[in-house]
Amino acid sequence: MIEFILNNQHINTDFSPTTVLLDFIRKEKKLTGTKEGCREGDCGACTILLGELVNGNVFYKSVNSCLVPLGDAHGKHVVTVEGFNQNELSPIQAGMIDEGGTQCGFCTPGFIVSMTGYFLNNETPEIDGAIDALGGNICRCTGYVGIKRAAEHSISVYKKTDPKLKFMNRLIEAGFIPEYFNSIKKQLAAIGITRRKDFQAEYLIGGGTDLYVQQWESLVQSKADFTSLEKTPYEIIKLKDKIKIGGATTIQQVLNSSIVKKYYPSLQNNLELFGSLPIRNRATVAGNIVNASPIGDMTNILLALNAELQLKSSKSKRTVKLRDFYKGYKLLNKKKSESIDWITIPIPSKRFLFNFEKVSKRTYLDIASVNSSILLEEKNNIIKSIGLSAGGVAPIPLYLSKTCEFLIGKKISAATVNDAAEIAIKEISPISDARGSAEYKKLLLRQLIYAHFIVLFPQVIKAEQIV
Ligand SMILES: Cc1cc2nc3c(=O)[nH]c(=O)nc-3n(C[C@H](O)[C@H](O)[C@H](O)COP(=O)(O)OP(=O)(O)OC[C@H]3O[C@@H](n4cnc5c(N)ncnc54)[C@H](O)[C@@H]3O)c2cc1C
Ligand code: FES
Ligand code: FES
């Protein structure tokens with residue numbers, strides 16, 4: 001049985017755990033405020049909140065219900081737009097009407113849910129953050145200005161609440177959420193997670209953001225296990241000389257991690273280029289690696305950082321370098337029975353420099369045509385060690401081993417960068433597809449290698465010297 005709270009209703013269901021949560025909400029529960037648009041995580045019309053009990057508190061995340069398996073709702077609070085206005089419209093809903101934030105209305109519930117999710121996660125809301133939280137919602141009618149005004153209106157309503165009240169009570173007092181939210185913690189604590197030890201699954205599902213786009217119809221008929229129930233770790237730990245990232249850690253957790261911010265500060269901005277907030281709230285690090293897309297952003301970064309994977313099955317544990325993990329297009333150095341438990345990256349020395357570059361048709365909310373990461377240590381202008389990766393230019397996420405070999409011991413100069421780019425282009429085998437021709441991708445990789453050095457060594461390498 002799958003047990004969870006849907007708005008303020010306790011649910012016990014024997015539906016297949018692989019059922020798409022959106023379908024359960026709309027077809028079974030007839031909560032039709034949650035809309036079905038693209039069914040691919042792109043439009044945000046199906047956005048709901050998933051509340052999870054962590055260390056005694058409930059944390060809410062906006063997610064695309066079209067990509068969430070019902071089984072992953074177990075033990076959680078699922079909130080649809082119907083869960084907010086029990087007696088009257090919430091300030092966000094009222095703002096959307098009064099400020100002209102809605103026309104045909106198809107996208108509106110998704111915007112309201114994302115905006116409420118923003119308020120639930122921010123005790124000091126401000127407009128830029130609210131707009132970022134709406135990055136995964138698309139509207140074809142309004143032109144967004146009315147939606148922005150609705151967000152501003154909601155912030156001004158919140159600011160008038162009594163700051164002495166507990167945060168949740170401030171939101172309840174202003175009508176952002178109904179009173180029943182205060183009872184959710186107790187209700188979730190009463191639901192335990194039990195699973196059969198002998199369970200044989202055909203699929204292992206992380207966040208489902210790849211699997212449910214590619215094959216939701218076959219998944220619905222299948223037996224699957226969830227990394228969340230499997231107890232695959234979803235935390236980030238600092239050890240003496242390395243950082244350990246749990247396989248089920250989400251991209252948003254990496255982006256928010258104080259440990260990652262300390263050692264790789266630029267990663268926060270880099271990862272904002274990964275999908276939208278609802279996608280980052282679900283997409284796991286291990287899922288990105290095992291999906292083996294040649295343009296996976298996290299994988300590209302981890303290749304440059306020289307990550308190692310700890311693989312686990314019921315019988316064994318072993319460690320593999322990410323650089324040795326890909327054997328061919330979607331061919332992995334991994335048995336079907338193995339899952340990724342941890343991903344470890346070394347803590348860099350103080351002299352290390354890191355940069356990530358991604359070219360896509362749109363800056364935000366798009367997957368890369370070509371991406372590249374570099375981790376480099378230099379002393380007296382000489383390259384001491386280097387990790388350089390390239391995505392979208394080969395059947396696998398590529399580590400540019402020959403280019404790295406060439407660069408070690410070289411003086412940082414325009415000539416070195418030009419020579420390195422020439423070697424990199426010989427190392428790759430891009431194909432022409434919807435993201436660009438093979439020639440264009442070669443050109444892009446050359447430009448990205450130039451960009452790395454211009455960004456990291458602005459005093460030494462000037463754009464006009466090499467471009
Ligand atoms: C709208 C949208 C935008 C996106 N934008 C980006 C983007 O900008 N950049 C990018 O790189 N990707 C992007 N993606 C792709 C996707 O979100 C990522 O690849 C994500 O990291 C996949 O993780 P997941 O947990 O959702 O994987 P899932 O779909 O759950 O699984 C993917 C594969 O990994 C396996 N798996 C999951 N966890 C484990 C584990 N612990 N051990 C072993 N195998 C495991 C599954 O069995 C499956 O084969 C986007 C996807 C969508 C829908
Ligand atoms: S239906 Fe478009 S994101 Fe889910
Ligand atoms: S109001 Fe029509 S799509 Fe947004």
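Just so you know, all these numbers are worked out from the coordinates, no wet-lab data involved. This structure is a prediction, so every number in the text was calculated from the model and none was measured. Cβ: placed from backbone, ideal geometry, glycine included. Neighbour counts: every protein chain shown.
Rounded is the label for segment 226-346. Its Cα gyration tensor axes, ordered a ≥ b ≥ c, give a/c under 1.5. Stretching residue 222 away from residue 104 to a fully extended chain increases their span by 38.8 nm, per 0.36 nm per residue minus the current alpha-carbon distance. Cα centroid separation, segment 49-96 to segment 1-25: 13 Å. With r defined as the distance between the Cβ atoms of residue 237 and residue 351 and R0 fixed at 22 Å, what FRET efficiency is calculated, to the nearest 0.05? FRET efficiency, residue 237 to residue 351: 0.35.
A straight chain from residue 38 to residue 214 at 0.36 nm per residue would run longer than the Cα-Cα distance by 62.1 nm. Take every DSSP beta bridge whose two residues both sit in segment 1-127; close to 90 percent of them are antiparallel. Segment 344-428 has equivalent-ellipsoid semi-axes of 23, 16, 12 Å, by the square roots of 5 times the alpha carbon gyration tensor eigenvalues, sorted largest first. Residue pairs exceeding 25 angstrom between C-alpha atoms, taken from 240/334; 242/321; 261/335; 350/426; 261/321; 61/335: 240/334; 261/335; 350/426; 61/335. Against the empirical 2.2 N^0.38 Å (N residues), segment 91-177 has a Cα radius of gyration ratio of 1.03.
Label sites at residue 185 and residue 335, each approximated as a point 7 angstrom past Cα along Cα to Cβ, lie 4.5 nm apart.
With a Förster radius of 25 Å applied to the C-beta separation of residue 57 and residue 124, the computed FRET efficiency comes to 0.90.
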